[in-house]
Amino acid sequence: MSYQWRTVFEYLPEFLDAMGLTLWITLQAFLLALVCGLVAALARNSRWVMFRLLAGAYVEVIRNTPVLLQIFVVFFALPSVGVRLDAVTAGVVAIGVNVGAYLCEVFRAGISSVARGQGEAAQVLGLSPRQTFASVIAPQALRNVYPATVNNLIQVLLGTSLLTAIAVPELTGVATVINARTLLFVQVFALTLLLYLILSNALSFAAGLLGRVMFKPALDQARPGLWPLRRTRPSAIPVEVSS
Amino acid sequence: MTATANGATIGSNVQLRAVTKAFGAVEVLKNIDLEVEDGEVVVLIGASGSGKSTLLRIMSGLETADSGQVFVGGIPMHEPKRAPEIRGHVGMVFQQFNLFPHLNAMGNVTLALRKVLKMSTNEAEAVALKALTRVGMQDRCENYPSQLSGGQQQRVAIARALAVNPRIMFFDEATSALDPELVGEVTSVMRSLATEGMTMVVVTHEMGFAQRTADRVVFMDDGVIAEQGTPEQVLQNPQHPRTQQFLARVFEA
């Protein structure tokens, strides 16, 4: 191995720490995004105009302004109204709220994609609207939006690199620091790219396995082509599970 | 008779008086009067758009009439506050089956038993197995809808409706989405239900079923009941020109 690569690999512990922080921020931000998305989707389908308007405003404002600016707002502007967050928390909040707006639209589409007859069948059987949503609509909606939701998880992961702008020591930020120190652009960024690839593939692989456990009958059997891993990353499929 | 939450009892008869329904400017039902007695099998026939499905949906509580009176099992469905009382006491079988795709056959049948009738899982499965046996699907409990043929799915849908012990069964073109060779397995289940005394209102294009099973055939045309009577009267010896025309076209096909 050449001298340059050896030098970069001496920084591997720093890279791995940064990778850990990236993953940690991703998981927290995604959890927040799921909550924001679900609440906003329910609010947008609400009977009350006020809820619909609020959720609509949230989605439109977030989706029509740059993420980087939203990160700056949370980190630099919120303290002036008394909300002081450290850089990592600010990053989690900004990215979670941002992706939540996209997930809201995904969830809304998922809910309306469930055939109307499903709700009618449940209604005649005597299920209350709440029971119908919980036992009939939501499980099917979840299954319909699962691949798109996994895409948003990856979007969160990649979005965390923007937090370098508020000096969060995540993967991209640490890479730029090591790059400045060593000036080994090619080696530093090649390694960083590789680490992102490992992270994103590991996440979608885990999501794919989770999907296999959660959804019966298996997604690919019920609806050909909807299996998230198979469609986007054919080689990542584990062994075929027979039903 | 089964008791509802507020102590009222639900019968097995239907009374419609001067029922009208419009979707926008289109009058789908014009002043419909219809009685279905306890244990009677009434078959609704007529061209597409004649209002038969809408009538069935009003009886099952999926639509509300614009005016007129609708009593189903004694419940005044035209009173918005009381209409929900019918839920869980009538069964509805849909053209598109509407089975829950994320649940297997057993799960489909037990859902309402567990959630609405608050049975334990064991209790619910015992009741569901009886219902599935009644439609000959006891060996397919573990299968998901996507793993069943159309006819099998519709039989599971019938079992799901039967399991809650409905007072009346409504069939909305239950065989129209099936391959011709699968129609028989569903109509034979429907016929056995009729033999067992179930009150049934059936919208169908299967004239053979109407002929053999109906106590009364009702011909609807353009939102009105044009003619009704025994299968022999309506199907063999129709009086109304529209009935004659309709039947001529059906038997031609």
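The numbers here are math on the coordinates, done by the rules we state, and not lab data. Quantities reported herein were computed from a predicted structural model and do not represent experimental measurements. Backbone-built Cβ (ideal geometry, glycine too); neighbour counts: all protein chains shown.
Would you kindly calculate the mean projected area, averaged across all directions, of the convex hull enclosing the Cα atoms of the protein assembly as shown, in square nanometres?
Quarter of the Cα hull surface area: 30.5 nm².
Given a 10 angstrom Cα cut-off, can you work out which residue in A:Pro147, A:Pro169, A:Pro13 is the most mobile in a GNM of chain A?
In this elastic network of chain A, the residue with the biggest mean-square fluctuation among A:Pro147, A:Pro169, A:Pro13 is A:Pro13.
So, in Å, what gap is there between the alpha-carbon centers of the range B:22-77 and the range B:151-204?
19 Å
Per-residue ellipticity at 222 nm for chain B, helices alone: DSSP H runs ≥ 4 residues times -39500 (n - 2.57), over residue total, nearest 500 deg cm²/dmol?
Calculated mean residue ellipticity at 222 nm is -10000 deg cm²/dmol.
Just to confirm the number: angle between the C-alpha axis of helix A:185-214 and the first principal axis of chain A, 0 to 90 degrees, nearest 10?
With both axes taken from Cα atoms, the answer is about 20 degrees.
Which semi-axes, in whole Å and largest first, does the equivalent ellipsoid of the range B:1-101 have when worked out from the alpha carbon gyration tensor as the square roots of 5 times its eigenvalues?
22, 17, 14
About the Cα centre, and with charges only on the beta carbon of Lys, Arg (+1) and Asp, Glu (-1), how big is the dipole of the protein assembly as shown? Nearest 20 debye, please.
Rounded to the nearest 20 debye, it is 1100 debye.
Using the Karplus curve 6.51 cos²θ - 1.76 cosθ + 1.60 with θ = phi - 60°, work out ³J(HN,Hα) for each residue of the range B:87-96 in order, rounded to whole Hz, and write x for Gly and Pro.
Per-residue couplings from phi come out as 4, x, 10, 10, x, 10, 10, 9, 4, 8 Hz.
Can you pick out the pairs among B:Lys81/B:Lys115; B:Lys21/B:Lys115; B:Lys21/B:Lys118 whose Cα atoms lie more than 28 Å from each other?
Listed pairs above 28 Å: B:Lys21/B:Lys115; B:Lys21/B:Lys118.
Which whole-number percentage describes the relative contact order of chain A, with Cα contacts under 8 Å and a sequence gap of 6 or more?
Result for chain A is 24 percent.
Can you tell me how chain B classifies by the Cα gyration tensor, rounded, prolate or oblate, using a/c under 1.5 as the rounded cut?
oblate
Bins of 5 Å, beginning at zero and ending with the bin holding the largest distance: percent of Cα pairs per bin for the range A:2-214, please.
1, 7, 13, 15, 15, 14, 11, 9, 6, 4, 3, 1, 1, 0, 0
Arrange A:Phe189, A:Phe215 by Cβ neighbour counts within 10 Å, fewest through most, would you?
A:Phe189, A:Phe215
Identify the residues of the range A:111-138 with backbone N under 20 Å of a label point that sits 7 angstrom from the Cα of B:Ser48 along the Cα-to-Cβ direction, or state none.
A:116-117
Please identify, among B:Thr54, B:Thr195, B:Thr64, the residue showing maximal mean-square fluctuation in a Gaussian network model of chain B using a 10 angstrom Cα cutoff.
The residue that fluctuates most here is B:Thr195.
Counting only helical runs of four or more DSSP H residues, what would the 222 nm mean residue ellipticity of chain A come to if each run contributes -39,500 (n - 2.57) and the total is spread over all its residues?
Helix contribution divided over all residues of chain A: -23500 deg cm²/dmol.
Can you tell which of B:His102, B:His89, B:His205 shows the greatest fluctuation in a Gaussian network model of chain B with Cα springs below 10 Å?
B:His102
Relative contact order, percent, of chain B when contacts are C-alpha pairs under 8 Å separated by at least 6 residues?
The normalised contact order for chain B reaches 24 percent.
Between A:Leu210 and A:Glu60, what is the spin-label point distance in nm, taking each point 7 Å from the Cα along the Cα→C-beta axis?
In this crude spin-label approximation the distance works out to 3.2 nm.
Once you average over the residues of B:142-155, how many Cβ atoms of partner chains fall within 10 Å of each Cβ?
Shielding by partners across B:142-155 averages 1.
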